[in-house]
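Undergrad: Quick one: the structure is below, and I'll ask about it shortly.
The values are calculated or read from the model by the stated rules, or taken from the named source; none is laboratory data. All figures in this text were calculated on a predicted structure; none of them were measured in a lab. Glycine gets a Cβ as well: all are built from the backbone with ideal geometry, and neighbour counts include every protein chain shown.
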Amino acid sequence: MRGSSLATRLFLSATAWVVIILAITGIVLSSVYRGATERAFDRRLNLYLRTIIAEVATPDNTPDQFQSLGEPLFELPLSGWYWQITRADGDKPELRASRSLWDKKLPKLEEQGADLTTAGVRLGYVDGPEGQTLRMVERPVDLGIDGTFLISVAGDASEIFDETRSFDYYLGGTFAALSIVLVLTTIFQVRFGLAPLKRISESIADIRSGRAERLEGEFPVEIAPLARETNALIDANREIVERARTHVGNLAHAIKTPLSVLVNEASARGADPFAAKVLEQADVMRDQVAHHLERARIAARLTVIGTVTEVAPAIEALRRTMQKIHRDRDIAIVVRADARAKFRGERQDLEEMAGNLVDNACKWAAAQVSIEVLVEPALEPGGGPMLRIIVDDDGRGLPAAERAQASRRGQRLDESKPGSGLGLSIVVDLAALYGGGLSLGNAPIGGLRAELVLPGV
C-alpha cells in the first residue's frame with residue numbers, strides 16, 4: 001500500500017474490518033441457529049422416545065399399540081422416521097420396530113462411541129437404511145423381571161440441514177446487503193470526512209506555487225488548529241527571512257566600510273611593499289565577503305514560500321538592459337522565450353542568474369547573442385516542470401578543460417575582461433540552491449553555450 005492516499009488506506013482498512021466482523025458474526029449466528037434447530041429436533045425425538053418408553057413399561061401393551069405414535073411417517077416404508085425396540089440383556093432376542101423400517105435395522109449409538117448424557121440418553125447422527133443421515137436418540141430401559149430394552153427413535157436429519165441452509169442463505173443475503181450499505185457509508189464518511197484535509201493540501205500546493213499566500217476559508221473544528229498553525233508557520237517564516245535580509249545588509253555594510261578604509265590608506269602609500277600586500281589581501285577579502293554575503297542573501301530569499309516569476313518579461317527586460325550596457329559593441333541579442341514559462345522563485349534571483357550569463361556572453365560575443373527559454377515536462381511523477389534557459393554567443397568559445405574552471409569561484413580565464421570572476425560561481429550556487437544547475441558547452445553559432453536549468457511551475 002506504499003504510496004497510496006490516506007483516504008484509500010482508511011477505506012481499505014474500514015472495508016476489511018467490516019468484512020471480518022460480518023464474517024465472524026455470520027459464522028456465530030449460523031452455529032447458534034443450527035444448535036437451536038438441533039435442540040428443537042431433539043425435543044421432538046425425545047417426546048416420541050418417552051411415549052414409547054411409557055408404552056413398553058405398560059404390562060398389557062400389544063404389538064400394534066404404539067405403531068404410529070401420532071406420526072404418519074412411522075407408517076410409511078423407509079420414510080426416514082423410525083423407532084426400534086431391542087432386548088439389551090440378550091436373554092430373549094426380541095426386535096420391535098416401526099413399519100417404516102420395513103426389514104431394516106437401526107445402528108446402535110453405543111457401538112459408535114456415543115456417551116450417555118445426564119438425562120440418560122445418547123444423541124448423534126447415524127446413516128439410515130436408504131443412505132439418509134438420521135438424527136437419533138437412544139435410551140436403555142430396565143424393566144426389572146421383564147428385562148432390559150434399548151429404545152431408539154430416529155428422524156431424517158435433512159430437516160435440520162435444510163433449515164440451517166435456508167437460514168444461511170437468508171443470512172448471507174442480508175449481510176451482503178448490509179456490507180454494501182456499510183461500504184457505501186464508509187466511502188461517504190472517508191470522502192467527506194477527509195475533504196477538509198484535501199482542501200488544506202491543495203491550498204498548501206497553491207501557496208508553494210505562488211497562487212496564494214495563506215490558507216483561506218472555514219475549516220471544521222478538528223482541522224481548524226492545523227490551518228491556524230500552518231498560517232502561523234508561514235508568517236514566522238516570512239519574519240525570519242526579513243530579519244535575515246536585514247542582518248545580511250547590516251553585515252555587508254559593517255564589513256565593507258572597514259575594508260574601504262584599509263584600501264584607501266594602502267592606496268595612499270602605493271610605493272610601500274607592505275601597502276601593496278594590504279591592497280592585494282583586501283581585494284581577496286572583498287571577493288570573499290561578496291561571495292559569502294551573496295550566498296547568505298540567496299539562501300534567505302529561498303526560504304520564502306510561494307514566489308513565482310514570469311520568465312518572458314524578465315528576460316525581455318534583461319535584453320534591453322544588456323543592449324544599453326554593450327551598445328558600443330553593437331551586439332545583437334535575440335530572445336525566444338516560451339510565454340508559459342514561470343520560475344518558482346524570486347525575479348531578482350532569476351535576473352541575477354540570467355544576467356550574469358547574458359553579460360558574460362555579450363563580453364565574449366563577436367556580434368550575436370541568443371537567449372532561448374524552454375519549458376520541459378516533469379522528469380518524475382508528482383514533480384513540476386523545469387525551465388531551460390539557453391544562452392549562446394558567437395565568440396571564440398571555451399575548450400573542455402577551461403569550461404570546468406570557468407564556474408569556479410574567482411576564476412578568470414582572461415584578465416583583459418572586466419569583472420571579479422564571481423559571476424558564474426554565483427550562478428552555479430544560486431541554481432543549486434533552487435535545485436537546478438548550470439552546464440557549459442559549444443554553441444551552434446560558434447561560441448559558448450550556457451544552459452541553466454531551474455524549477456518551473
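Undergrad: Among the listed residues I305, I298, I315, identify the single one that is modelled with pLDDT under 75, within 30 Å of D393 (Cβ to Cβ) and touching a helix residue (DSSP H, G or I) at 6+ places or on another chain (Cβ under 7 Å). Steps first, please.
TA: Details: I305 fails: within 30 Å of D393 (Cβ to Cβ); I315 fails: modelled with pLDDT under 75.
I298 is the lone residue from the list that is modelled with pLDDT under 75, within 30 Å of D393 (Cβ to Cβ) and touching a helix residue (DSSP H, G or I) at 6+ places or on another chain (Cβ under 7 Å).
Undergrad: Please specify each residue of segment 27-46 satisfying the condition of being surrounded by 13 or more Cβ atoms within 10 Å (Cβ to Cβ), within 40 Å of the chain's Cα centre (by Cα) and among the hydroxyl-bearing types (S, T, Y).
TA: S30 - this is the single residue of segment 27-46 that is surrounded by 13 or more Cβ atoms within 10 Å (Cβ to Cβ), within 40 Å of the chain's Cα centre (by Cα) and among the hydroxyl-bearing types (S, T, Y).
Undergrad: Also, quick follow-up: Taking segment 345-354 only, how many residues are surrounded by fewer than 21 Cβ atoms within 10 Å (Cβ to Cβ) and outside any helix (DSSP H, G or I)? Give the steps one after another, and end with the answer.
TA: Quick first cut of segment 345-354, residues surrounded by fewer than 21 Cβ atoms within 10 Å (Cβ to Cβ) only: 346-348, 351-352.
Adding the requirement that they be outside any helix (DSSP H, G or I) leaves 346.
Residues that pass the stated criteria total 1.
Undergrad: Next question, about the same structure. Could you run through segment 306-341 and say how many residues are within 20 Å of P385 (Cβ to Cβ) and part of a loop (DSSP other than H, G, I, E, B)?
TA: Result for segment 306-341: 7.
Undergrad: In segment 197-239, which residues are hydroxyl-bearing (S, T, Y) and in contact with an Asp or Glu (Cβ under 9 Å, 6 or more places away or on another chain)? Spell out how you get there, then give the answer.
TA: Taking segment 197-239 as the starting set, the residues that turn out to be hydroxyl-bearing (S, T, Y) are 201, 203, 209, 230.
Listed by number, the list holds a single entry, S203.
Undergrad: Among the numbered criteria (1) surrounded by 11 or more Cβ atoms within 10 Å (Cβ to Cβ); (2) over 30 Å from M136 (Cα atoms), which single criterion is violated by I24?
TA: Among (1) surrounded by 11 or more Cβ atoms within 10 Å (Cβ to Cβ); (2) over 30 Å from M136 (Cα atoms), the lone unmet condition for I24 is (1).
Undergrad: Let me confirm something: among L251, L293, L233, which residue is outside the structural domain of K342 (by TED's automatic domain parsing), within 25 Å of G345 (Cα to Cα) and at pLDDT 80 or above? Spell out how you get there, then give the answer.
TA: Numbers: L251 fails: at pLDDT 80 or above; L293 fails: at pLDDT 80 or above.
One residue alone meets the criteria, L233.
Undergrad: On to the next question. For L374, work out the one condition from (1) outside any helix (DSSP H, G or I); (2) surrounded by 19 or more Cβ atoms within 10 Å (Cβ to Cβ) it doesn't fulfil.
TA: Condition not satisfied by L374: (2).
Undergrad: Shifting gears a bit: Are any of the residues in segment 101-116 of a type in the set (A, V, I, L, M, F, W, C), at pLDDT below 85, surrounded by fewer than 15 Cβ atoms within 10 Å (Cβ to Cβ) and within 60 Å of the chain's Cα centre (by Cα)?
TA: yes
Undergrad: Okay, moving on. Considering only residues that are surrounded by 17 or more Cβ atoms within 10 Å (Cβ to Cβ) and either at pLDDT 90 or above or part of a helix (DSSP H, G or I) (or both), which ones fall in segment 172-196? Please lay out each step first, then the result.
TA: Going residue by residue through segment 172-196, those that are surrounded by 17 or more Cβ atoms within 10 Å (Cβ to Cβ) are 175, 182, 186, 190, 194, 196.
Passing the criteria: F175, L182, T186, V190, P196.
Undergrad: Could you check segment 66-100 and list, in sequence order, the residues that are farther than 23 Å from R39 by Cα, out of contact with any Lys or Arg (no Cβ under 7 Å at 6 or more places or on another chain) and at pLDDT below 80?
TA: Passing the criteria: F66, A88, D89, G90, D91, K92, L95.
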